[in-house]
Ligand SMILES: [Zn+2]
């Protein structure tokens with residue numbers, strides 16, 4: 001799935017709200033503590049245990065009450081719960097956030113930031129608790145989730161503070177690890193922000209996928225990447241590069257190691273005008289908790305355009321074009 005685009009005006013509104021929020025937190029340094037943000041936003045934070053069925057029933061009941069017009073259909077309710085994975089919920093009128101206390105520490109912060117993100121998008125109130133004539137279609141749901149994730153990213157990575165540090169760093173997996181530590185966020189969310197916030201001329205792409213040499217039983221060869229994150233320049237110039245062809249490149253250069261760096265290579269990608277371009281791809285692997293309780297291997301890949309491919313002239317000199 002390629003990263004969805006958040007509309008320009010929504011982005012501006014979110015940016016303004018996050019700037020105000022960070023200003024109100026006065027002189028705060030990374031890593032930002034989400035509990036400070038929640039306090040500043042005057043939200044009430046509560047926890048529930050995702051593995052406790054009785055607890056989950058209570059949460060489901062609350063959603064029905066909170067959004068009875070919109071969420072009365074079992075199918076829609078089920079879809080929303082599945083989509084959210086019950087990692088976090090926001091009850092708009094109560095200013096209350098519910099967070100699954102059993103998720104991985106790295107995801108914990110993101111779940112809180114995501115729910116705060118919804119709250120910063122005032123227009124989400126209409127969708128979450130809207131009138132009965134509005135259907136929460138899947139595309140509408142995708143849009144508001146993308147907006148909440150964008151807002152969450154701007155909060156957790158402290159907006160311009162991250163962009164400044166990113167543009168002072170090399171665009172590499174080593175920088176990714178260092179930025180993840182500085183800002184106290186997961187490596188996956190750092191990959192997203194690196195690619196989307198990159199302001200330079202090069203095209204870059206991030207990929208979150210399974211291990212190409214150790215696919216799980218659920219692996220779908222026709223939909224091989226969990227996420228393909230495109231920088232604005234990459235989206236503009238390489239829109240026709242398919243997720244299948246990107247994963248095939250990974251499969252070519254990745255080794256069988258089950259953790260740490262698993263390979264890197266120079267990769268040629270064809271732009272939308274049919275021109276070849278050279279990228280440096282590097283991948284590393286780590287274990288994540290699966291929804292069933294076991295572990296699965298996750299691979300993060302960063303692809304950075306090296307230079308436009310050179311051509312050799314008749315006199316043997318290499319010219320960049
Ligand atoms: Zn959400």
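What follows draws every value from the coordinates through simple rules; no lab data is involved. All values reported here derive from a predicted model rather than from experimental measurement. For neighbour counting, all protein chains shown are included, and Cβ atoms are generated from backbone atoms with ideal geometry for every residue, glycine included.
Taking the average, over residues, of other Cβ atoms within 10 Å as the packing measure, peptides 248-261, 204-217 rank 204-217, 248-261 from highest down.
Each part gets one Cα centre, and for the stretch 88-105 versus the stretch 217-279 those centres are 35 Å apart.
Based on the inverse mean of 1/r over its pairs of different Cα atoms, what is the Kirkwood hydrodynamic radius of the stretch 160-320, in Å? Working shown, then result.
Details: mean 1/r = 0.0601 Å⁻¹.
Kirkwood hydrodynamic radius for the stretch 160-320: 16.6 Å.
Neighbour counts of other Cβ atoms within 10 Å put 245, 203, 17, 170 in the fewest-to-most order 170, 245, 17, 203.
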